[in-house]
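See below for the structure under consideration.
Read-outs throughout are calculated quantities, based only on the coordinates presented, and are distinct from any laboratory measurement. What you see is a predicted model, and the numbers here were worked out from it, not measured in a lab.
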Amino acid sequence: MIDLRGNLKLVNAKGTNMFGYGSDELVAVNCAAISVPDQAFFDRKNTLDLISDKYLNYSRERIYVHKDGSIIWGLISVSVIGTSTKAPSHFVSQIIDTT
């Protein structure tokens, strides 16, 4: 689970293993900490599309960075979750390691 500012709020064991962080460490970082900088444009565009209700979800292959600096390829699927008034409250994502 990710808040609207890109902060990780809930991660599972697969996520901690994939990125090399403990769960407490991983929820203390922003998505930017595990992202390759040149991917930021696509992340912002896709996030804005979700928040503006242009799409219900999206999937794409992208590059991540392990805690040790190594590159990880992953297929991410993201959906926006809204409140009872339909305002976006957070994102739910799934990342499959395709390295």
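Quick notes
- Per-residue ellipticity at 222 nm computed for the chain from its helices equals -6000 deg cm²/dmol, with DSSP H segments shorter than 4 residues left out and the rest contributing -39,500 (n - 2.57).
- At 1.002 mPa s and 20 °C, Stokes diffusion of the stretch 2-97 via Kirkwood alpha-carbon radius, µm² per second: 156
- Crossing angle, helix 40-51 versus the chain [Cα axis fit, 0-90 degrees, rounded to tens]: 30
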